[in-house]
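**Student:** Once you've had a glance at the structure underneath, I'll fire off some questions.
Since every read-out is calculated from the coordinates, none of them should be taken as a lab result. These figures come from a predicted structure and were not determined experimentally. In this analysis, Cβ positions are derived from the backbone assuming ideal geometry, glycine residues included, and neighbour counts consider all displayed protein chains.
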Amino acid sequence: MSQDQPPDENGNEHPVPRDADPQARARALQSYLIEEELLTTDQIDEVMSLYEDEIGPQNGAEVVAREWVDAEYREWLLEDGSAAIAEAFGYTGPEGTDIVVLENTDDVHNVVVCTLCSCYPWPVLGLPPTWYKSPPYRSKIVKSPRQTLRKAFGVDIDADVEIRVRDTSAEVRYMVLPLRPVGTDGMSESDLAALVTRDSMIGVERLGTKHVEEL
Ligand code: FE
């Protein structure tokens, strides 16, 4: 049976992309690597649990909260992101040896994409969400960032705020430092970290704005 979709109402064919079932492809690849004794199931389980339990946006959130309360740390972070993150928190490793931190300000909003594939700062954000890897996000956020942020993410960036779209690559991984939400003076570093979301560190969310709208 063909895997292709039936023709649409205009009679046009739509072949299913080769990566239509990434899970099946990953399973096949896993079986092959185990069969060839290149990997063991224990090694796979170890990596899976690492990324499920220990490496994720909670790491980046700690970095952001520290930056909000410590001006010296902020300077270090903006000057040498990888070192400031690795030396202060120990977050380093695959896909994160060269992390550049982008600071949002009242005048500039940064948003991160990998136009080629799915490059992402793993040690601070974990594995990328599916939409980050999708062709529509990768093209639309570059072509019309303001409109895409509004339509796809419900984020309205004022017309007088410049939006900078940064293209992550295999070498350089970007992470956004979101603006500290108003009304959070005096909060502890760990309480502040709890406010920081994954999406705000990609740049597709502005912290605190949803809350303000609800008031
Ligand atoms: Fe990539």
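**Student:** How many residues, within the range 69-96, are exposed (fewer than 14 other Cβ atoms within 10 Å of the Cβ) and assigned to a loop (DSSP other than H, G, I, E, B)?
**Tutor:** Looking only at that region, the number is 3.
**Student:** Where the second residue is part of a loop (DSSP other than H, G, I, E, B) and the first is surrounded by 10 or more Cβ atoms within 10 Å (Cβ to Cβ) and lies in the range 36-54, which pairs have Cβ atoms under 8 Å and are six or more apart or on separate chains?
**Tutor:** Every condition considered, the pairs that remain are Tyr51/Gly126; Tyr51/Leu127.
**Student:** Go through the residues of the range 133-141 one by one and say whether even a single one is free of Cβ contacts under 8 Å to residues at least 24 places away in the same chain and away from the ligand (no atom under 16 Å from the Cβ).
**Tutor:** Scanning the range 133-141, I find at least one residue that is free of Cβ contacts under 8 Å to residues at least 24 places away in the same chain and away from the ligand (no atom under 16 Å from the Cβ), so the answer is yes.
**Student:** Filter the range 97-110 down to residues that are of a type in the set (Val, Ile, Thr) and in a loop (DSSP other than H, G, I, E, B) and give me whichever is nearest to the ligand (Cβ to nearest atom).
**Tutor:** Filtering the range 97-110 down to residues of a type in the set (Val, Ile, Thr) leaves 97, 99-101, 105, 108.
Filter once more, keeping what is in a loop (DSSP other than H, G, I, E, B): 97, 105.
Values: Thr97: 15, Thr105: 27 Å.
Result: Thr97.
**Student:** Report, by residue number, each residue of the range 63-88 that is of a type in the set (Gly, Ala, Ser), touching a residue at least 60 places away in the same chain (Cβ under 8 Å) and over 22 Å from Ser118 (Cα atoms).
**Tutor:** Ala65
**Student:** What do you reckon, is Tyr91 out of contact with any strand residue (DSSP E or B) (no Cβ under 6 Å at 6 or more places or on another chain), free of Cβ contacts under 8 Å to residues at least 60 places away in the same chain, within 16 Å of the ligand (Cβ to nearest atom) and of a type in the set (Ser, Thr, Tyr)?
**Tutor:** When the stated conditions are applied, Tyr91 does not pass them.
**Student:** May I pose another question? Given the conditions (1) closer than 29 Å to Arg74 by Cα; (2) within 16 Å of the ligand (Cβ to nearest atom); (3) not aromatic (Phe, Trp, Tyr), report the number of the one that Val155 does not fulfil.
**Tutor:** Among (1) closer than 29 Å to Arg74 by Cα; (2) within 16 Å of the ligand (Cβ to nearest atom); (3) not aromatic (Phe, Trp, Tyr), Val155 violates only (2).
**Student:** Collect the residues in the range 111-132 that are over 18 Å from Val176 (Cβ atoms) and either without any contact (Cβ under 8 Å) to a residue 40 or more places away in the chain or away from the ligand (no atom under 14 Å from the Cβ) (or both), keeping them in residue-number order. Show your work before the answer.
**Tutor:** Of the range 111-132, the ones over 18 Å from Val176 (Cβ atoms) are 116-117, 130.
Within the range 111-132, Cys117, Thr130 meet the criteria.
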